[in-house]
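For reference, the structure is listed below as structure tokens.
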Amino acid sequence: MRKLWAILPTVLLVGGGLWAGPLQRQHVAANAKWLVHLDLDRLLETEVGKWLAENVVDPGLARPQRELKQNLGIDFNWRDIASVTAYGTQFKPWGEPNGVLLLDGYDFGAALDEAIRRLEQAVGVGAVPLHKTQEAGATVFSLQDRVFGAMLPGRLFVLSQSKDELQKARDVLSGAAPALPEAKMPAAASTAFLVGRLDKLQEAPLPPQAQALKAVESAQFSLAQQADNVVGRLSLAVKDAETAAQMQQALQGLLALVLLNQSQNTNAQKLIQATKITATDKTVNVRLELPAADVIELLKQGQQRRAGNRPARNP
């Protein structure tokens, strides 16, 4: 029975790293200070996405999915997730509960109902660490009062480590609280497979070596495939054109220094040479463009290095 409890968090959290589908501003709070979103459907249409799915995600989730099916009767397929968004309304030190996840497309409610039923049969009703209640028209789940989730109409599942933040997210989704304005939507939200936005970085607990980012008022980033290339963009909004020019020069100097110090590293050379930094008015733009084949080769090399550094385990 300990094994059943050990894999329960997988039911709630396995989708947390799989952000997907078009970004819906109505799903995000108006006062969000950070936002990250991955369009999984679009990613899986790219060569890089197909390689990641077949060589990283499928092998990594094979065992957890098998155990969920065997022990809890949950037939989970990560490709069923259509949309996941992560955002937070404040910056907190790393490790503290912060933000919410929204997963759209997979019926987590039915999966968790089955998990509760199996656990009650195995250990009795009073000993089950996963609970379900009905609150204001939503089914709310709680795992040991540390992780909270709500199943909403349309197969939308909201997840947080804070019940208060979960309720606030539900208020946004119901229209009782304001949603993200159009002006704050990431510029590439409709075309990129990965987008993100950061606001009020001066409030973030940045490490000493990153204090220069305090001058950034907001930042946006994206990853997309254009033709046969993967294109990454980073846009930094600062207070004035002078600050933008200074930041552009600093970033270009940093690239030149890395290029000099990594003269024997062909991968680093390729990445740096593919990076362009420009400044326009109060914005600094960084663009990285590489052939998808080169990106896949870098991923393969990284996977091989990690495989060589870890002990073998049973599949």
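From 285, 314, which residue is in a strand (DSSP E or B) and either at pLDDT 95 or above or assigned by TED's automatic domain parsing to the domain that holds residue 226 (or both)? Don't jump to the end; show me each part of the working.
On the way: 314 fails: in a strand (DSSP E or B).
Step by step, each of 285, 314 is checked, and only 285 is in a strand (DSSP E or B) and either at pLDDT 95 or above or assigned by TED's automatic domain parsing to the domain that holds residue 226 (or both).
Residue 105 satisfies every condition listed in (1) at positive phi; (2) touching an Asp or Glu at 6+ places or on another chain (Cβ under 7 Å); (3) of a type in the set (Gly, Ala, Ser); (4) surrounded by fewer than 19 Cβ atoms within 10 Å (Cβ to Cβ) except (4).
What's the total number of residues in region 149-178 that are among the aliphatic types (A, V, I, L, M), surrounded by fewer than 17 Cβ atoms within 10 Å (Cβ to Cβ) and under 18 Å from residue 22 (Cα atoms)? Residues meeting the conditions: 0. In region 201-244, the qualifying residues are those that are of a type in the set (Asp, Glu) and surrounded by fewer than 16 Cβ atoms within 10 Å (Cβ to Cβ), and the one that is nearest to the chain's Cα centre (by Cα) is 203.
Residue-by-condition table, conditions (1) among the aliphatic types (A, V, I, L, M); (2) free of Cβ contacts under 8 Å to residues at least 60 places away in the same chain; (3) under 30 Å from residue 237 (Cβ atoms); (4) outside the structural domain of residue 82 (by TED's automatic domain parsing):
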| residue | (1), (2), (3), (4) |
| --- | --- |
| 126 | no, yes, no, no |
| 134 | no, yes, no, no |
| 147 | yes, no, no, no |
| 178 | no, no, yes, no |
| 191 | no, yes, yes, yes |
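Does residue 290 qualify as being more than 25 Å from residue 218 (Cα to Cα), surrounded by 16 or more Cβ atoms within 10 Å (Cβ to Cβ) and within 30 Å of the chain's Cα centre (by Cα)? Please lay out each step first, then the result.
On the way: more than 25 Å from residue 218 (Cα to Cα): yes; surrounded by 16 or more Cβ atoms within 10 Å (Cβ to Cβ): yes; within 30 Å of the chain's Cα centre (by Cα): yes.
Considered against the rule, which asks whether it is more than 25 Å from residue 218 (Cα to Cα), surrounded by 16 or more Cβ atoms within 10 Å (Cβ to Cβ) and within 30 Å of the chain's Cα centre (by Cα), residue 290 comes out as yes.
What number of residues in region 72-101 are over 22 Å from residue 155 (Cα atoms), at pLDDT 85 or above and not hydrophobic (A, V, I, L, M, F, W, C)?
Of region 72-101, the ones over 22 Å from residue 155 (Cα atoms) are 89-98.
With the extra rule that they be at pLDDT 85 or above, the set shrinks to 89-91.
Those still in the list that are not hydrophobic (A, V, I, L, M, F, W, C) too: 89-90.
Total satisfying the criteria: 2.
Taking the residues in region 3-48 that are charged (D, E, K, R) and at pLDDT 60 or above as candidates, determine which candidate is farthest from the chain's Cα centre (by Cα).
Filtering region 3-48 down to residues charged (D, E, K, R) leaves 3, 25, 33, 39, 41-42, 45, 47.
Narrowing further to those that are at pLDDT 60 or above: 25, 33, 39, 41-42, 45, 47.
On the way: 25: 16, 33: 15, 39: 10, 41: 14, 42: 15, 45: 18, 47: 20 Å.
My answer is 47.
With the requirement that a residue be more than 18 Å from residue 90 (Cα to Cα) and either in contact with an Asp or Glu (Cβ under 6 Å, 6 or more places away or on another chain) or basic (Lys, Arg) (or both), what does region 160-204 give you? Hit for region 160-204 is 193, nothing else. Within region 37-71, restricting attention to residues that are part of a helix (DSSP H, G or I), in contact (Cβ under 8 Å) with a residue 60 or more places away in the chain and of a type in the set (D, E, K, R), the residue that is surrounded by the fewest Cβ atoms within 10 Å (Cβ to Cβ) is 63.
Please go through region 211-253 and pick out each residue that is over 29 Å from residue 47 (Cα atoms), modelled with pLDDT of 90 or more and of a type in the set (A, V, I, L, M, F, W, C). Write out each step before concluding.
Initially, region 211-253 is screened for residues over 29 Å from residue 47 (Cα atoms), giving 211-218, 237-253.
Cutting the leftovers down to modelled with pLDDT of 90 or more gives us 216-218, 237-253.
Selection gives 216, 237, 238, 241, 244, 245, 247, 250, 251.
Consider residue 206 carefully, then state whether it is of a type in the set (A, V, I, L, M, F, W, C), farther than 30 Å from residue 143 by Cα and outside the structural domain of residue 90 (by TED's automatic domain parsing).
Values: of a type in the set (A, V, I, L, M, F, W, C): yes; farther than 30 Å from residue 143 by Cα: yes; outside the structural domain of residue 90 (by TED's automatic domain parsing): yes.
Answer is yes for this residue.
The set of residues in region 73-102 being farther than 19 Å from residue 163 by Cα, crowded, with 19+ Cβ neighbours inside 10 Å and not aliphatic (A, V, I, L, M) consists of 76, 78, 83.
The values are calculated or read from the model by the stated rules, or taken from the named source; none is laboratory data. Keep in mind that what you see is a predicted model, and the values were worked out from it rather than measured. A quick note on method: Cβ atoms are made from the backbone with ideal geometry, for glycine too, and the neighbour counts reach across all protein chains shown.
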